[in-house]
Amino acid sequence: MLSRPGCCLCDELEEDLLAEFGPGRYQLEKADVDSRPEWRQEYGIRIPVLLDADGRLLSEGRLDPERVAAAL
């Protein structure tokens, strides 16, 4: 998940993931969108952004449960 420190929407997406899929079905790695120039350029104002392990977009802004479920 690409996020920023103090991002309320990022916290909400993380909570929604846990509520929808429970613990253990996924491994969430969080990264600061500003830590890489290419991330900041592409996703800077669109956070939170949830990517799969291959970097494909699963959700942006709000959780897309169908898309995430298909990727699990």
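Within the stretch 43-51, is there a residue that is among the basic types (Lys, Arg) and over 10 Å from the mean Cα position of the chain (by Cα)?
Looking for residues that are among the basic types (Lys, Arg) and over 10 Å from the mean Cα position of the chain (by Cα), one finds at least one in the stretch 43-51, hence yes.
Matching residues to (1) in contact with a strand residue (DSSP E or B) (Cβ under 7 Å, 6 or more places away or on another chain); (2) β-branched (Val, Ile, Thr); (3) farther than 20 Å from ALA19 by Cα:
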{"position": "ARG40", "(1), (2), (3)": "no, no, yes"}
{"position": "ILE45", "(1), (2), (3)": "no, yes, yes"}
{"position": "PRO48", "(1), (2), (3)": "yes, no, no"}
{"position": "ASP52", "(1), (2), (3)": "yes, no, no"}
{"position": "GLY55", "(1), (2), (3)": "no, no, yes"}
{"position": "GLU60", "(1), (2), (3)": "yes, no, no"}
{"position": "GLU66", "(1), (2), (3)": "no, no, no"}
{"position": "ALA70", "(1), (2), (3)": "no, no, no"}
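Read-outs: derived from the displayed coordinates by stated rules, not from any lab. No experiment lies behind these values; they were computed from the predicted model shown. Here Cβ is always computed from backbone atoms with ideal geometry, including for glycine, and neighbour counts include all displayed protein chains.
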